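Data first, discussion second: the structure below is written as structure tokens.
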Amino acid sequence: MSDERLVLTEVSGHIATITLNRPKALNALSPELMDELIAAVEAADADDSIRVLILTGGPKVFAAGADIKAMIESSPMKMHAGGIIAKWDRIRSCAKPIIAAVGGYALGGGCELAMMCDIILASESAQFGQPEINIGVIPGAGGTQRLTRAIGPYRAMELILTGEMISAQEAARYGLVNHVCPAESLMGEARRLAEKIASRPPMAVRMAKDAVRYAAETTLREGLEIEKRNFYMLFDTQDQKEGMRAFIEKRKPEFTGE
Ligand code: CAA
């Protein structure tokens, strides 16, 4: 067995770039790769010096889905007991923003993984889709729910029932992708955006992510309560005092993360 890492992490300043590293299998999301990915995301989340994560699959592919070869002989109980897909939710639990930089195919579990991130940037040649129907199953890591919320029920239904792909440009038009960039500037754009977010007060960034996430996951009434709670909690931070004081004193704030 190869001891090559399936997931690579590079830290620079306040930003951790996590790269899926299984190019020969188009970054198919095997249980081993997902274990490494979850560990990398949780390590970055626990590291106080890191404020934003970038998740990419490299310049050619994001991920072509869950590993079909690892799943073919599985059974419902094996899938359930192994928590194979349930584990993926731990990525969604990351309190810090994750930017997906999609350089090629984001299919099936790959599209679902991108949708677990908070912002999606794509290169001009990226393609998105939920092709599970073509192999006799349906999306199992959030595709039927998150894609529907992201692009609307009619478009999601067509994509999931036909298994067809859409281009980065279409995905942007539908609201799934934030920005489409030339392949050569994808990582630069991801980094620029990550740095901008990393320069904002980290506690406010966390609370904002938390509140926005609730908008898609709960009722309006509950979401508004969470927003209010998070807003109030920030009045316990030094960065709130500094941000408001700097505004009044007409100077640039210096945020410390406290
Ligand atoms: N699982 C396992 N291996 C995969 C894979 C996957 N999802 N996707 C690609 N690979 C492997 C191929 O088997 C191939 O390996 P070999 O060289 O050993 O044969 C290698 O990656 C290169 O793939 P292709 O030769 O197929 O490359 P291509 O350029 O001709 O086609 C593609 C690219 C259109 C993405 C095609 O590989 C493809 O359709 N992949 C499967 C996509 C898919 O169905 N994804 C959904 C998976 S199920 C899922 O994700 C469930 C869920 O919701 C969690």
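The values are calculated or read from the model by the stated rules, or taken from the named source; none is laboratory data. Here the structure is a predicted model, which means the values were calculated and not measured. Methodologically, a virtual Cβ is constructed for each residue, glycine included, from the backbone with ideal geometry; neighbour enumeration extends over all protein chains shown.
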(request) Output the residue which, of all residues in region 33-42 that are more than 16 Å from the ligand (Cβ to nearest atom) and surrounded by 14 or more Cβ atoms within 10 Å (Cβ to Cβ), is farthest from the chain's Cα centre (by Cα). (result) Glu36
(request) Would you confirm whether any residue within region 11-21 is buried (at least 20 other Cβ atoms within 10 Å of the Cβ), within 18 Å of Cys117 (Cα to Cα), of a type outside the set (Gly, Ala, Ser) and touching a His at 6+ places or on another chain (Cβ under 6 Å)? (result) no
(request) Can you work out which of the residues in region 57-72 that are surrounded by fewer than 23 Cβ atoms within 10 Å (Cβ to Cβ) and not hydrophobic (A, V, I, L, M, F, W, C) is nearest to Asp210 (Cα to Cα)? (result) Gly58
(request) For Ser30, work out the one condition from (1) among the hydroxyl-bearing types (Ser, Thr, Tyr); (2) within 15 Å of the ligand (Cβ to nearest atom); (3) free of Cβ contacts under 8 Å to residues at least 24 places away in the same chain it doesn't fulfil. (result) (3)
(message) Would you confirm whether or not region 55-66 contains a residue that is within 13 Å of Leu113 (Cα to Cα), touching a Gly at 6+ places or on another chain (Cβ under 7 Å) and more than 16 Å from the ligand (Cβ to nearest atom)?
(response) yes
(message) For Phe128, only one of the following conditions fails: (1) modelled with pLDDT under 95; (2) more than 9 Å from the ligand (Cβ to nearest atom). What is its number?
(response) (1)
(request) Test Glu184 against the stated conditions and say whether it is free of Cβ contacts under 8 Å to residues at least 24 places away in the same chain, touching a strand residue (DSSP E or B) at 6+ places or on another chain (Cβ under 9 Å) and of a type outside the set (A, V, I, L, M). (result) yes
(request) State which residue pairs qualify: first residue over 18 Å from Thr56 (Cα atoms) and modelled with pLDDT of 95 or more and inside region 187-214, second residue of a type in the set (Gly, Ala, Ser) and in a helix (DSSP H, G or I) in any location, beta carbons under 9 Å apart, and separation of 6 or more residues or different chains. (result) Arg200/Ala208; Pro201/Gly243; Ala204/Gly243; Val205/Ala198; Ala211/Gly223
(request) Please specify each residue of region 19-46 satisfying the condition of being out of contact with any helix residue (DSSP H, G or I) (no Cβ under 7 Å at 6 or more places or on another chain) and among the basic types (Lys, Arg). (result) Lys24
(request) Name the residue, out of Ile85, Ile138, Ile133, Ile151, that is within 14 Å of the ligand (Cβ to nearest atom), touching a Gly at 6+ places or on another chain (Cβ under 8 Å) and modelled with pLDDT of 95 or more. (result) Ile133
(request) From Ala156, Ala150, Ala168, grab the single residue that is touching a strand residue (DSSP E or B) at 6+ places or on another chain (Cβ under 7 Å) and either of a type outside the set (Phe, Trp, Tyr) or surrounded by 18 or more Cβ atoms within 10 Å (Cβ to Cβ) (or both). (result) Ala168
